[in-house]
Amino acid sequence: MFTLAFPGQGSQQPGMGRFLFDNFGIAKETFEEGSEALKQDMKKLCFEGSEADLALTENTQPALLLVSTATQRVLNKEFNIKVQSAAGHSIGEYAALVAAGVTRFDESMRAVRTRGQAMQSAVPVGKGGMVAMLGLEPDQVETLCQWVVKNSGAGPLSAANFNSPGQIVISGSQNAINWMKDNFKPEAVWGADAPKRAKMIPLSVSAPFHCEMMKPAEDKMREVLTAMEFKTAAFPIVQNFHAKLETDGSVLRENLIRQVSAPVRWTQSMEVLKSQGHSQIIECGAGKVVQGLLKKIDGEFFKVFTTTSMEDIKTIEDFLKASSH
């Protein structure tokens, strides 16, 4: 039994999904279906688009959903993979819902393009940003954000992604972030309890995702997702919003709406899978970001298969053959 984990923004790369398209009929059909849903040539975007094209949020989100869904369908059709649970990092949660039969693929493609546009337009370019904080505990991040807002007179600023222990992304006002870059000294924030190795890495993102500045995008997604049908999930999905396993369509919808401006509780979500004994993970889609995060969360417990090449697919096939004996 496997858990399917679907990657989020930052995993996109030129050429993504091409090997699936070239080798599997079901992947080809999925690309055609995705292109038809958006009236846009998604092959051209994924295979020939530049990094800059793919980094535009309204392109990134449908491209990731498309490649994740094509991957999941290939695994299902070729190997009839048995799935016990799923999770998706931010935009990846849409792919988890499609995989579990909660939402339709074509409707989800249109929804995520709207989500990308809404998130992009929620905050004028340059007004918001995101920074990865390394070496801090969740409560230290909270203290840091409060300290910056209080002393800079700018805000908001809050935790946006709990990616792995010691890697938490914060999101919010660019003015607050600029002030923090100039004034951040661990001892000023935490006094004698200051962590030794606090480090900040500004991220090149086009908007401050997963913070209260995304409220207009959340409102837009409430409109879009309320108009869509959400069925009961074929297997439980651990959701970003509260890091709990859910199958009820209306609950899945509400948490998906609120996810836009709430933090992604990825570390906590993976701890939930661990508590269930779900150790075999397939990173379903572009890149190997999820594998890297799971190595940091608990590399002993989680065994992660990636799906970025024919060799990867072959590895999964060999594993399935070996374990069926």
For residue 63: the one exception among (1) assigned to a loop (DSSP other than H, G, I, E, B); (2) touching a helix residue (DSSP H, G or I) at 6+ places or on another chain (Cβ under 8 Å):
(1)
Could you list all residues from segment 265-293 that are over 20 Å from residue 63 (Cβ atoms), part of a helix (DSSP H, G or I) and of a type in the set (A, V, I, L, M, F, W, C)?
266, 270, 272, 273, 293
Which residue is nearest to residue 7 (Cα to Cα), if the candidates are limited to segment 299-325 and must be aliphatic (A, V, I, L, M) and in contact (Cβ under 8 Å) with a residue 12 or more places away in the chain?
304
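Considering 317, 300, 283, 311, which residue is closer than 28 Å to residue 110 by Cβ and acidic (Asp, Glu)?
Answer to the check: 283.
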Reported set for segment 196-227 where residues are loosely packed, with under 15 Cβ neighbours inside 10 Å, outside any helix (DSSP H, G or I) and not β-branched (Val, Ile, Thr) is 196, 197, 199, 202, 204, 227
Out of 321, 288, 303, report the one residue that is modelled with pLDDT of 95 or more, among the basic types (Lys, Arg), closer than 18 Å to residue 81 by Cβ and out of contact with any Asp or Glu (no Cβ under 6 Å at 6 or more places or on another chain).
303
Can you confirm whether residue 239 is in the same structural domain as residue 64 (by TED's automatic domain parsing), under 17 Å from the mean Cα position of the chain (by Cα) and within 22 Å of residue 119 (Cβ to Cβ)?
yes
Collect the residues in segment 282-292 that are surrounded by 23 or more Cβ atoms within 10 Å (Cβ to Cβ) and either hydrophobic (A, V, I, L, M, F, W, C) or farther than 21 Å from residue 13 by Cα (or both), keeping them in residue-number order.
282, 284, 286, 290
Is at least one residue of segment 178-195 under 17 Å from residue 123 (Cα atoms) and assigned to a helix (DSSP H, G or I)?
yes
Residue satisfying all of: in segment 250-268; touching a residue at least 60 places away in the same chain (Cβ under 8 Å) and in contact with a Leu (Cβ under 9 Å, 6 or more places away or on another chain); surrounded by the fewest Cβ atoms within 10 Å (Cβ to Cβ) among these
267
Pairs, please: C-beta under 6 Å, at least 6 apart or cross-chain, first residue closer than 10 Å to residue 64 by Cα and in segment 5-23, second hydroxyl-bearing (Ser, Thr, Tyr) and outside any loop (DSSP other than H, G, I, E, B)?
6/68; 9/60; 12/60
On the given criteria, is residue 72 assigned to a helix (DSSP H, G or I) and farther than 25 Å from residue 218 by Cα?
yes
Residues in segment 17-45 that are in contact with a Phe, Trp or Tyr (Cβ under 8 Å, 6 or more places away or on another chain) and at negative phi: how many?
11
Would you point out which residue out of 101, 155, 116 is touching a helix residue (DSSP H, G or I) at 6+ places or on another chain (Cβ under 6 Å) and not in a helix (DSSP H, G or I)?
155
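The values are calculated or read from the model by the stated rules, or taken from the named source; none is laboratory data. Note that the structure is predicted; figures quoted are calculated from it, not measured. Heads up, the Cβs are rebuilt from the backbone with ideal geometry, glycines too, and the neighbour counts pull from every protein chain shown.
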